[in-house]
1. In the stretch 1-28, how many are surrounded by 12 or more Cβ atoms within 10 Å (Cβ to Cβ), assigned to a helix (DSSP H, G or I) and in contact (Cβ under 8 Å) with a residue 12 or more places away in the chain?
2. Of all residues in the stretch 36-55 being part of a loop (DSSP other than H, G, I, E, B) and surrounded by fewer than 14 Cβ atoms within 10 Å (Cβ to Cβ), which is modelled with the highest pLDDT?
3. Would a scan of the stretch 71-88 turn up a residue that is within 14 Å of Ile4 (Cβ to Cβ), surrounded by 14 or more Cβ atoms within 10 Å (Cβ to Cβ) and either at pLDDT 80 or above or touching a helix residue (DSSP H, G or I) at 6+ places or on another chain (Cβ under 6 Å) (or both)?
4. Which residues, counting only those in the stretch 56-70, are of a type in the set (Ser, Thr, Tyr) and either modelled with pLDDT under 85 or surrounded by 11 or more Cβ atoms within 10 Å (Cβ to Cβ) (or both)?
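The values are calculated or read from the model by the stated rules, or taken from the named source; none is laboratory data. These figures come from a predicted structure and were not determined experimentally. Heads up, the Cβs are rebuilt from the backbone with ideal geometry, glycines too, and the neighbour counts pull from every protein chain shown.
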Amino acid sequence: MSGISPDMAPAAWDAYHRDVLRRLRPGIPMLIVHLGEDPRPERESFAAHDGGWGADWRARDTRAMSDAEFRRLAQAEGVHLVTWRDLGRATTLCRGNGS
């Protein structure tokens, strides 16, 4: 499954993320998103070396992950949304180091 490219229309991002959910298979698949906002300082910091992405894509990822329809679909598909922090805690517990 390919990812989003800088030339994907912003309006298509939400549909892309929902399609990814529908196509996931059992196991531990990964969808990496970059959550953030699109304030001027962030835009300026990315402008010189962003490869065409800009900072607004972080805001689009945030919007897509926060979307009520996306979350309902995730639940309906049996997808558990987790963060890197969640995975770190699980790893610690699996090693027997958790409390």
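1. Count: 7.
2. The qualifying residue modelled with the highest pLDDT is Glu37.
3. Checked against the condition, which is being within 14 Å of Ile4 (Cβ to Cβ), surrounded by 14 or more Cβ atoms within 10 Å (Cβ to Cβ) and either at pLDDT 80 or above or touching a helix residue (DSSP H, G or I) at 6+ places or on another chain (Cβ under 6 Å) (or both), the stretch 71-88 yields no hits at all.
4. Result: Thr62, single match.
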